[in-house]
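Q: Here you go, one structure.
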């Protein structure tokens with residue numbers, strides 16, 4: 001039954017009242033009857049900039065580093081028509097689209113609007129996952145017993161647009177995979193409901209590049225095999241795909257057949273990674289403290305990047321010799337860049353450590369984590385800077401986290417132990 005928008009608001013309140021019972025019943029809902037919504041803010045950084053300055057609407061716009069050696073972080077649909085895309089060197093983007101306007105990004109503004117959208121979704125959705133700074137999944141399974149799931153998701157999308165002024169696309173289907181592809185196909189600012197039983201039919205005519213996890217190299221490999229469309233990939237023998245792609249072969253076949261059992265991971269801003277260092281002997285050596293904090297941040301940020309996470313809250317903790325414990329935190333734009341977080345941590349430490357007593361413990365926690373690529377906040381960095389981060393992470397992955405460190409951390413890094421790479425209590429010795 002389709003509901004009018006006004007009635008849907010009342011139905012939403014009833015839905016919220018029933019959330020406790022529904023969350024229990026959702027666990028028993030068959031896979032074929034799941035209802036998963038994917039919401040994706042369109043060209044998010046560009047949309048925020050256009051909201052702040054309407055004169056930017058409708059023109060080729062590039063957000064990124066300086067034109068000489070910078071990289072494209074995001075670009076408008078008008079710029080994309082010329083072949084411009086993210087992670088492209090700005091100088092190349094300007095050759096493709098000479099009339100484009102280039103501006104530096106403002107991660108603080110993007111983080112602010114991301115939180116607004118998150119709070120709107122939190123108000124109405126019983127279970128949702130914040131997949132990145134601009135992407136959300138909502139589990140609406142069982143909602144159709146109360147009212148139309150699609151009407152409810154349509155109303156939520158309209159609410160986000162109305163209250164933020166930002167365009168957002170939406171897909172609804174039985175799993176994350178199909179709903180994400182649906183939202184992508186109906187960008188910008190569109191919506192699509194792929195009804196149960198029509199998932200394969202929807203995916204069949206699409207290019208294999210439309211399937212999440214199929215990047216440039218994989219798609220080229222498939223093209224060389226004569227596989228251009230999802231329908232063809234779906235009809236290939238699983239054994240053949242496993243021989244060609246190893247363990248990923250089965251995953252490719254599943255996706256081509258619209259099979260995705262990935263659960264919704266409920267969003268929680270309490271998600272964090274942290275480490276603490278307890279000294280064998282209480283200390284007042286400020287220089288050593290700052291070096292240790294720098295080393296901690298390096299290791300935490302490295303793991304953030306490996307897990308493709310961004311943090312937006314930094315907390316520093318100190319414990320005096322008399323066991324008095326103090327903490328101070330600060331919200332920052334989403335990032336996983338060492339130099340950004342080190343600056344914030346050292347600043348917090350300076351403002352926190354005021355009693356000049358011996359310390360027995362210091363610690364750092366990074367929280368409010370979301371999925372995302374660390375490059376999105378390096379607006380002023382050069383291609384060389386980005387390559388340096390990638391090279392450093394590659395060396396650490398291959399030879400260990402202590403294989404390459406800042407000069408200031410030399411000798412200190414190996415003295416800070418991270419138990420089994422799980423952030424928690426550590427010891428300096």
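The values are calculated or read from the model by the stated rules, or taken from the named source; none is laboratory data. The structure displayed is predicted, hence computed values, not measured ones. Using ideal geometry, Cβ is built from the backbone for each residue, glycine included, and neighbour counts are taken over all protein chains shown.
Q: In the stretch 100-109, how many are out of contact with any strand residue (DSSP E or B) (no Cβ under 6 Å at 6 or more places or on another chain) and over 14 Å from residue 65 (Cβ atoms)?
A: 1
Q: Here is a check on your reading of the model: is residue 265 surrounded by fewer than 18 Cβ atoms within 10 Å (Cβ to Cβ) and in contact (Cβ under 8 Å) with a residue 60 or more places away in the chain?
A: On the way: surrounded by fewer than 18 Cβ atoms within 10 Å (Cβ to Cβ): yes; in contact (Cβ under 8 Å) with a residue 60 or more places away in the chain: yes.
Yes.
Q: Can you pull out every residue in the stretch 184-206 that is without any contact (Cβ under 8 Å) to a residue 24 or more places away in the chain and surrounded by 14 or more Cβ atoms within 10 Å (Cβ to Cβ)?
A: Passing the criteria: 186, 190, 192, 194, 198.
Q: Moving to a separate point now. If I ask for residues that are over 24 Å from the mean Cα position of the chain (by Cα) and buried (at least 24 other Cβ atoms within 10 Å of the Cβ), which ones from the stretch 296-317 would you list?
A: Scanning the stretch 296-317 gives no hits.
Q: Tell me, which residue of the stretch 181-198 that is in a loop (DSSP other than H, G, I, E, B) and touching a strand residue (DSSP E or B) at 6+ places or on another chain (Cβ under 7 Å) is farthest from residue 39 (Cα to Cα)? Full working, then the answer.
A: To start, the set of residues in the stretch 181-198 that are in a loop (DSSP other than H, G, I, E, B) comprises 186-190, 194-198.
Still in the list and also touching a strand residue (DSSP E or B) at 6+ places or on another chain (Cβ under 7 Å): 186-190, 194.
Values: 186: 11, 187: 11, 188: 12, 189: 10, 190: 10, 194: 14 Å.
Residue satisfying both the conditions and the ranking: 194.
Q: In this structure, does residue 293 turn out to be surrounded by 15 or more Cβ atoms within 10 Å (Cβ to Cβ) and touching a residue at least 60 places away in the same chain (Cβ under 8 Å)?
A: Values: surrounded by 15 or more Cβ atoms within 10 Å (Cβ to Cβ): yes; touching a residue at least 60 places away in the same chain (Cβ under 8 Å): yes.
The answer is yes for residue 293.
Q: Please determine whether any residue of the stretch 218-232 is in a loop (DSSP other than H, G, I, E, B), touching a helix residue (DSSP H, G or I) at 6+ places or on another chain (Cβ under 8 Å), touching a residue at least 40 places away in the same chain (Cβ under 8 Å) and not assigned by TED's automatic domain parsing to the domain that holds residue 336. First the steps, then the outcome.
A: So in the stretch 218-232, the residues in a loop (DSSP other than H, G, I, E, B) come out as 225-228.
Imposing the further condition that a residue be touching a helix residue (DSSP H, G or I) at 6+ places or on another chain (Cβ under 8 Å) reduces the set to 225-228.
Narrowing the set further to residues that are touching a residue at least 40 places away in the same chain (Cβ under 8 Å) leaves none.
No: zero hits.
Q: For residue 303, are the conditions met, namely being at pLDDT 90 or above, touching a helix residue (DSSP H, G or I) at 6+ places or on another chain (Cβ under 8 Å) and not assigned by TED's automatic domain parsing to the domain that holds residue 133? It would help to see each step written out before you state the result.
A: Details: at pLDDT 90 or above: no; touching a helix residue (DSSP H, G or I) at 6+ places or on another chain (Cβ under 8 Å): yes; not assigned by TED's automatic domain parsing to the domain that holds residue 133: yes.
In short, no.
Quick grid of which residues meet (1) out of contact with any strand residue (DSSP E or B) (no Cβ under 7 Å at 6 or more places or on another chain); (2) at positive phi:
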site	(1), (2)
89	no, no
98	yes, no
111	no, no
129	no, no
142	yes, yes
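Q: Filter the strands (runs of 3 or more DSSP E) completely within the stretch 59-174 down to those with at least 2 residues that are over 27 Å from residue 336 (Cα atoms). Quick ask: steps written out before the conclusion?
A: On the way: elements: 61-64, 72-75, 101-103, 128-132, 135-139, 168-173.
Where strands (runs of 3 or more DSSP E) fall fully within the stretch 59-174 and carry at least 2 residues being over 27 Å from residue 336 (Cα atoms), they are 168-173.
Q: Follow-up. For the stretch 332-360, give me the residue count where each residue is loosely packed, with under 15 Cβ neighbours inside 10 Å and either touching a residue at least 24 places away in the same chain (Cβ under 8 Å) or assigned to a strand (DSSP E or B) (or both).
A: Total meeting the criteria: 4.
Q: Considering the stretch 141-183 alone, what residues qualify as being closer than 29 Å to residue 53 by Cα and surrounded by fewer than 17 Cβ atoms within 10 Å (Cβ to Cβ)?
A: Those that are closer than 29 Å to residue 53 by Cα and surrounded by fewer than 17 Cβ atoms within 10 Å (Cβ to Cβ): 158, 161, 162, 163, 165.
Q: Quick check on this structure: which one of 138, 116, 103 is over 16 Å from residue 369 (Cα atoms), in contact with a helix residue (DSSP H, G or I) (Cβ under 9 Å, 6 or more places away or on another chain), touching a residue at least 12 places away in the same chain (Cβ under 8 Å) and surrounded by fewer than 20 Cβ atoms within 10 Å (Cβ to Cβ)?
A: Numbers: 138 fails: surrounded by fewer than 20 Cβ atoms within 10 Å (Cβ to Cβ); 116 fails: over 16 Å from residue 369 (Cα atoms).
Matching residue, one of 138, 116, 103: 103.
Q: Additional query: Taking the stated definitions as given, is residue 77 touching a residue at least 60 places away in the same chain (Cβ under 8 Å) and surrounded by fewer than 16 Cβ atoms within 10 Å (Cβ to Cβ)?
A: Values: touching a residue at least 60 places away in the same chain (Cβ under 8 Å): yes; surrounded by fewer than 16 Cβ atoms within 10 Å (Cβ to Cβ): yes.
Answer is yes for this residue.
Q: So is residue 65 surrounded by 17 or more Cβ atoms within 10 Å (Cβ to Cβ), at pLDDT below 80 and closer than 28 Å to residue 371 by Cβ or not? Working first, answer last.
A: Values: surrounded by 17 or more Cβ atoms within 10 Å (Cβ to Cβ): yes; at pLDDT below 80: yes; closer than 28 Å to residue 371 by Cβ: yes.
Taking the combined requirement at face value, the residue satisfies it.
Q: If you take the residues in the stretch 241-266 that are outside any helix (DSSP H, G or I) and closer than 16 Å to residue 181 by Cα, which one is nearest to the chain's Cα centre (by Cα)? Full working, then the answer.
A: Initial filter on the stretch 241-266 (outside any helix (DSSP H, G or I)): 246-247, 257-266.
From what is left, the residues that are closer than 16 Å to residue 181 by Cα are 257-262.
Details: 257: 26, 258: 23, 259: 23, 260: 20, 261: 20, 262: 17 Å.
Ranking the candidates gives 262 first.
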